[in-house]
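What follows is calculated from the coordinates using simple rules that are stated; it is not laboratory data. This one's a predicted model, so the numbers in the text were calculated from it and none came from an experiment.
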Amino acid sequence: LWHMEMGNEFNAMKQCEVVIKMLNNLRPKDPKEAHALLTPIIAILGETQTSRMSKLYEDHAVKLGQGSMPLFVRNMRFVLTTGNGFGIDNDTSWVLAQKLS
């Protein structure tokens, strides 16, 4: 986020790609940790790569939260799903069906 704030979009994108490549090695242990790692990346790449960010979030935060998903993980998942061009008309029943912690 610092690079974006300084107007250096190229380095911001480059740093995002480095962290994305490291995600499998970092192996977050819980959805809160994955959320913390991915939130700045989503803030930087989200507008132009929503589909990719949605998949990354599913793979790294949502899967860790299966069973008792924190509210902020559920909310981010909802934002990424509806912001992905799917629209609110798609099946978003999972939003209300998830058990929250």
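Taking θ as phi - 60° and the Karplus parameters 6.51, -1.76 and 1.60, the scalar couplings of the stretch 54-59 work out to 4, 5, 4, 5, 4, 5 Hz in sequence order, x denoting glycine and proline. Legend: Rg and Dmax of the stretch 1-62, from Cα coordinates, 11.3, 33 Å. Residues in the stretch 63-77 carry Karplus couplings, in order, of 4, 5, x, 4, x, 8, 7, x, 4, 5, 5, 4, 5, 5, 4 Hz; the curve used is 6.51 cos²θ - 1.76 cosθ + 1.60 with θ = phi - 60°, and Gly or Pro positions show x. Once the Cα-Cα distance is subtracted from the 0.36 nm per residue extended length, the residue 75 to residue 4 segment shows a gain of 23.1 nm.
Karplus-derived 3J(HN,Hα) values for the stretch 23-39, using 6.51 cos²θ - 1.76 cosθ + 1.60 with θ = phi - 60°, are 3, 5, 7, 6, 6, x, 8, 9, x, 5, 5, 5, 4, 4, 5, 8, 4 Hz; glycine and proline are entered as x.
Stretching residue 14 away from residue 26 to a fully extended chain increases their span by 2.5 nm, per 0.36 nm per residue minus the current alpha-carbon distance.
Residues whose amide H lies under 5 Å from that of residue 69, counting only those 5 or more places away or on a different chain, are 99, 101; hydrogens are built 1.01 Å from N in the peptide plane. In angstrom, the C-alpha Rg and Dmax of the stretch 35-81 are 9.8, 31.
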